[in-house]
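Chemist: Here it is, the structure, as structure tokens.
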Amino acid sequence: MNEIGATAAVIDTACLTYTVDEVARLLKLSRGVAYQHVRDGVIPAERVGRRWLVPRKRLHAWLDGKAVA
């Protein structure tokens, strides 16, 4: 069995949003740092109830250095 596949979670990149945990894994950040960046507005995210959701298009535009309305 592949050890990497056994421990790595699959991230569905076709979804419209990512969770902060998924963004942390994508950016290779700790969970705490990812949440801090979301709270500080560094990583683009929206609060939905008690959850933070990161719109996929806005995240990728942010990574590319482009602004998205």
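Chemist: Scan the range 30-62 for residues that are exposed (fewer than 12 other Cβ atoms within 10 Å of the Cβ) and of a type in the set (A, V, I, L, M) and jot them down.
Modeler: Scanning the range 30-62 gives a single hit, V48.
Matching residues to (1) within 9 Å of the chain's Cα centre (by Cα); (2) among the small types (G, A, S):
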| position | (1), (2) |
| --- | --- |
| D21 | yes, no |
| G41 | no, yes |
| E46 | no, no |
| R58 | no, no |
| A67 | no, yes |
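Chemist: Now for a separate question. How about the range 1-47: which helices (runs of 4 or more DSSP H) wholly inside it have at least 3 residues that are modelled with pLDDT of 95 or more?
Modeler: The helices (runs of 4 or more DSSP H) meeting that bar are 20-27, 31-40.
Chemist: Can I ask one more? Restricting the search to the range 48-58, which residues are among the charged types (D, E, K, R) and either touching a residue at least 60 places away in the same chain (Cβ under 8 Å) or part of a strand (DSSP E or B) (or both)?
Modeler: Passing the criteria: only R51.
The values are calculated or read from the model by the stated rules, or taken from the named source; none is laboratory data. These numbers come from a predicted model, not from an experiment. Glycine gets a Cβ as well: all are built from the backbone with ideal geometry, and neighbour counts include every protein chain shown.
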